[in-house]
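Report on the following structure.
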């Protein structure tokens, strides 16, 4: 999606915005939240793309613009800000200002530079003039640029600052209208004639002086009618059933017969009729997904099969949020009031992604994770990291995933120190079921997939739990993991 923002409308919008945000009215100011994004790696990433002999070189040590008819010298500065994890979904953006600081400039005293929407995702360590990530070319050399959001005169004086009003772009990004993620991606492009005196270099996000770094300052308020994150829920007089499914789908849907068939997974999802799902091993843009974005593929197939809208949030298992490969994904029939994710401190598979949903007036933080399959010590650390991280989110919590450990191993006992193990609780209560030849509730060769839920709150009552037997008449399963389905009463 490309934005359409006329210069006249942008100016009128900016003037109105100043009157609202900076008028000093206490009632307005008290409703506003401002976030400042300038932390390298976690909040902002940057790179320069350059043509000619540099067309396939990744340039992160310099952030620069230059206008030249010779691509050897032409440069564009790319910036990506994490407005996905720092700004809750559904918030009303009232102002978003991008400021960069000039590090050095050539002879021209002033250059007109435009801030453009970048319409496709890119990876900081892989971006070049020709590709947005390894083996993923741009549709157009130099980056897939959409609408020009704003422009500004950039001085050649070191230390001078230039600000672009990117409110319209951030609004669309945070609203989720620009694709599968809510990141804000911007390219700075020199708009004037080709000349060797047009060079501008800007301070990088990694600069030791935070005052010099590129910064996106966003002010937002609550969307009318939307609950604040983790707000105290209203009293409930009834209960609502919440069906939770966790499933490691084995590299995007490769069955035990060695055949790739996402439709077999989707058919089971429709049959089990969950309200919220934790998926592991959903793949993007690689051989396992046959080059497809598995998250988008499954979203479309599940919506088509079930006839309802699903909300989706994913966490790439290696912490490269926009990258290809393994992803752990939340699918939900309930809209998200906030989303979040983080990387653990150890291991190759080391992330957790989560979303806040409201069920029967109760806020529930639902998380999905996939622990390292190779190292017990890594998993022990990841469990400690996960428990600590999850404490930062309001009760009730449900955490599902492939933990790659047995119930008596230390990572699982770390989890059960703070959470109920749904299968274990179901067994004690006589409400746990599995195939007759699977009395232990094994999800693969043993029980390594879990649904954990809060001990310290009483809003979730386990009604039943099942390790689902997905074998067909020939004993074939659509994944080498069996799904786990837990049903809760939310009161």
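Derivation of every value follows stated rules applied to the coordinates shown; laboratory data play no part. Keep in mind the model is a prediction, meaning the values are calculated, not measured. With ideal geometry, Cβ positions are generated from the backbone for all residues, glycine too; neighbour counts draw on all protein chains shown.
Listing for the model above:
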item: Set of the stretch 39-61 residues, backbone N closer than 16 Å to the point 7 Å along the Cα-Cβ line of residue 130; result: 49-59
item: Footprinting exposure proxy for 450, 389 (fewest neighbouring C-beta atoms within 10 Å first); result: 389, 450
item: Acute angle (nearest 10 degrees) that the helix 262-272 long axis makes with the longest principal axis of the chain, alpha-carbon atoms; result: 60
item: Alpha carbon convex hull of the stretch 7-221, volume per residue in cubic angstrom; result: 122
item: Acute angle (nearest 10 degrees) that the helix 294-306 long axis makes with the longest principal axis of the chain, alpha-carbon atoms; result: 60
item: Rough spin-label spacing in nm, given labels placed 7 Å along Cα→Cβ, for residue 32 and residue 240; result: 3.4
item: Computed over the chain: relative contact order in percent, which uses C-alpha pairs under 8 Å that are six or more apart; result: 14
item: Pair-distance profile P(r), taking every C-alpha pair of the stretch 240-490, with 10 angstrom steps and integer %; result: 8, 34, 40, 17, 1
item: Stretchable slack from residue 435 to residue 71, in nm (0.36 nm times residue separation minus alpha-carbon distance); result: 124.6 nm
item: Cα pair distances in the chain, grouped into 20 Å bins until the bin that holds the longest one, percent each; result: 22, 50, 25, 3, 0
item: Helix axis angle, 376-390 relative to the chain longest principal axis, alpha carbon, degrees; result: 70
item: Fraction of beta bridges assigned by DSSP in the stretch 7-221 that are antiparallel (%, nearest 5); result: 100
item: Spatial separation of Cα centroids for the stretch 307-362 and the stretch 102-136, in angstrom; result: 29
